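Any read-out appearing in this document is the output of simple, stated calculations on the displayed coordinates, not a laboratory observation. In this text the structure is predicted, and so the values were computed from the model without any measurement. All Cβ positions, glycine included, derive from the backbone under ideal geometry; neighbour counts span all protein chains shown.
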Amino acid sequence: MKTLGIKEIREYLPHRYPLLLVDRVLDYEIGKRITALKNVSINEEIFNGHFPHRPVMPGVLMIEALAQTAAILSFLTLGIKPDENSVVYFAGIDNARFKRPIEPGDQVKMEAEILRGSRGVYKYKVSASVDGQVAVEAEIMCTIRSAMDASKSMV
């Protein structure tokens with residue numbers, strides 16, 4: 001079993017608080033799959049407004065957490081660590097389904113599997129679950145680009 005702690009995760013993701021959404025990598029297989037955790041805390045700023053009477057993690061942040069998990073796998077697969085000019089962009093999100101809310105106190109298990117990759121564009125099957133219940137699943141496409149080339153076509 002290959003794991004990564006938060007120190008190693010920060011070497012692969014440029015995100016920082018409050019947008020770093022991966023706390024631990026439980027296991028990965030280069031070029032194939034990754035499993036990671038997100039611990040959801042009531043102290044996260046988003047819950048002040050979403051929603052004060054019933055705090056739930058926004059769907060866009062669920063997808064973002066899955067994309068960050070997939071990005072770690074992309075960098076591990078390529079055998080590189082990003083520099084200050086590396087950016088991972090969404091190139092597509094298909095078949096997203098939200099099946100249960102994610103709430104403060106939940107531990108979210110996130111999984112990403114590479115379906116295909118070519119010329120720096122990867123397609124993943126991703127899912128997040130809480131206590132064995134699927135919360136969200138989707139297919140996402142991501143690409144790694146230099147921040148200097150941000151205005152160019154992504155795919």
Item checked: Whole-number D in µm² s⁻¹ for segment 6-149, Kirkwood Cα-pair radius fed into Stokes-Einstein, 4 °C, 1.567 mPa s -> 85 µm²/s
Checklist line | Nonlocal amide H pairs with Asp106, under 5 Å, H built at 1.01 Å | finding: Val40
Checklist line | Extent along principal axes [Cα atoms of segment 78-142; Å; largest to smallest] | finding: 35, 25, 17
Next item on the list: Pop out the ³J(HN,Hα) list for segment 13-30 in order, Karplus 6.51 cos²θ - 1.76 cosθ + 1.60 with θ = phi - 60°, rounded to Hz; leave Gly and Pro as x.
Entry: 10, x, 5, 9, 3, x, 9, 7, 10, 10, 9, 7, 9, 7, 6, 7, 10, 3
Notebook entry, point to check: For segment 41-56, what does the Karplus curve 6.51 cos²θ - 1.76 cosθ + 1.60, with θ = phi - 60°, yield as ³J(HN,Hα) per residue in whole Hz, taken in order and with x for Gly and Pro?
Noted result: 10, 4, 6, 5, 4, 4, 6, 5, x, 10, 10, x, 7, 7, x, 9
Margin query: Please list, by residue number, every one of the trypsin sites (Lys or Arg not before Pro) in segment 54-155 that is coil in DSSP and has at most 14 other beta-carbon atoms within 10 Å.
Written below: Lys99, Arg119, Lys152
Item checked: Cα-projected label distance for Leu115 with Arg24, points at 7 Å along beta-carbon direction, nm -> 3.0 nm
Note to self: Can you work out the Karplus-derived ³J(HN,Hα) for every residue in segment 34-40? Use 6.51 cos²θ - 1.76 cosθ + 1.60 with θ = phi - 60°, whole Hz, and x for glycine or proline.
What the structure shows: 8, 10, 9, 10, 10, 8, 8
Notebook entry, point to check: Relative to the longest principal Cα axis of the chain, at what angle does helix 59-78 sit, 0 to 90 degrees, rounded to 10?
Noted result: 30 degrees
Next item on the list: Tell me which residues come under 5 Å, amide H to amide H, from Ala91 once H is placed; ignore anything under 5 positions away on its chain.
Entry: Met141, Cys142, Thr143
Notebook entry, point to check: Exactly which chymotrypsin sites (Phe, Trp or Tyr not before Pro) in segment 71-155 are in a DSSP loop and have at most 15 other Cβ atoms within 10 Å?
Noted result: none
Check: What dipole magnitude, in Debye to the nearest 20, does segment 15-142 give about its Cα centre under +1 on Lys/Arg Cβ and -1 on Asp/Glu Cβ?
Finding: 300 debye
Check: Size of segment 1-83 along its principal axes in angstrom, Cα-based, largest extent first?
Finding: 44, 24, 19
Note to self: Going by amide H atoms built from the backbone, whose H comes under 5 Å of the H on Arg24, apart from near neighbours?
What the structure shows: Leu37
Check: Relative contact order for the chain: what is it in percent, counting Cα pairs under 8 Å that are at least 6 residues apart?
Finding: 24 percent
